[in-house]
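Here is the structure we will look at, set down as structure tokens.
Every read-out reported here was derived from the displayed coordinates using simple, explicitly stated rules and does not represent laboratory data. Predicted, not measured: the structure shown is a model, and the values here were computed from it. Using ideal geometry, Cβ is built from the backbone for each residue, glycine included, and neighbour counts are taken over all protein chains shown.
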Amino acid sequence: MRLAVDAMGGDNAPAAVVEGSVKAARAYKVEIVLVGRKDDIQHELNKYSYPNDLISIHHASEIILMDESPVAAIKQKKDSSINVAINLLKTKQVDAVISSGNTGAYMTSALLNIGRIHRIERPAIATLIPTHNSKTMFLDMGANVDCKPKHLYQFSLMGNVFAKEVLGIAHPKIALLNIGEEEEKGNELTFATYKLLKACKEINFIGNIEGKDVLTGRADIIICDGFVGNMLLKFGEGLGLYLGNILKKEIKNSIFAKIGAIFLYPSLQRIRKFIDYDEYGGALLLGINGICIKAHGRANEKAFQNAIKVAIDSVDHKIIDIIKKSY
């Protein structure tokens, strides 16, 4: 297996990307092609003892910054690390691409160069988040801010396939994120989507789910448009950081809290690991005719290593072929 990694994308590139890639190559014995400015990448690689037979560099002279206009950047910067990595996938020189760079540019390049799976109108960003029982997949988490009911319907079908094949859930429970559990609740989009999902015999649709039940584990897959999904994701990240900071502050303010924290330390570490988004790696761009994994823009080396693991699992399970057969 050979994977292309956009070494220049994200807030912590190339340092975190290179370190995570080195760790992944060691752990998973997979060949990784680091795409980007050769001198910058080699400078980071020199910090580590790495398997030379598993890590190589493919030079790309340009970088698309996080705040650049996606379409303009993709068209103007032909030799950007994102474009070059995607073209390696297009020409079948690699089996998957991983990037933590500009999401819009990544999606645009994938759409223009690789295209969509036949009959899929809109790709979606599928993200796993921790819940009470295990993990729940959300889609879309930001690729499409304006959706039609048929798009959400297609998201559910793709998510259903991924949950079965990669997550090993025999009968994934699929819910529609809404402002109430009743069938008639919501706006025009959710009302029409509910009817489509309810009529679909290929999925296990359990109805609407409210925001308060998102983390309970009631559903294995939660469907929403990218506008709502991205706000939900960013709010969750912010809330986790906020609660963590409050906890640290309270522990520092009391000697008794400090003593208690010593005894609670193993439990606190387990909780931190459970809610840490770095543990859940990357999000799959479901609907693209090739395996493209999006790591968080602030991904550190651990998050990037886990994103590479998501790519490996997706390739091993032939997720693209299975989605194609489902349509």
Directionally averaged projected area (convex hull, Cα atoms, the chain), nm²: 18.0 nm²
Using a 10 Å cut-off on Cβ atoms, rank the peptides 237-244, 200-207 from the highest mean neighbour count down. 200-207, 237-244
With +1 assigned to the C-beta of every Lys and Arg and -1 to the C-beta of every Asp and Glu, and no other charges, what is the dipole magnitude of the chain about the Cα centre in debye, to the nearest 20? 420 debye
Ranked from highest to lowest mean number of other Cβ atoms within 10 Å per residue, what is the order of the peptides 35-44, 63-72? 35-44, 63-72
Dividing the surface of the Cα convex hull of the range 1-74 by four yields a projected area in nm² of 5.1 nm²
Quickly work out the SER134-to-ARG116 label distance, labels modelled 7 Å from Cα along the C-beta direction, and quote it in nm with one decimal. 3.0 nm
Under 12 Å from the Cα of LYS148, which aspartates and glutamates turn up, not counting those fewer than eight places away in the same chain? GLU121, GLU188, ASP225
Dipole of the range 33-113, positive direction: furthest Cα of SER80, ALA60, SER109, with charges on the beta-carbon: SER109
Between TYR28 and HIS171, what FRET efficiency comes out of the Förster formula 1/(1 + (r/R0)^6) with R0 = 30 Å and r the beta carbon distance, rounded to 0.05? 0.50
How much length is gained if the chain between LYS92 and SER326 is pulled fully straight, taking 0.36 nm per residue apart and subtracting their Cα-Cα distance, in nm to one decimal? 82.0 nm
For the pairs LYS201/LYS325; LYS29/LYS77; LYS150/LYS309; LYS185/LYS325; LYS164/LYS318, note any where the Cα-Cα span goes beyond 22 Å. LYS29/LYS77; LYS150/LYS309; LYS185/LYS325
Just order 184-193, 148-157, 246-255, 309-318 by mean Cβ neighbour count inside 10 Å, highest at the front, would you? 148-157, 309-318, 184-193, 246-255
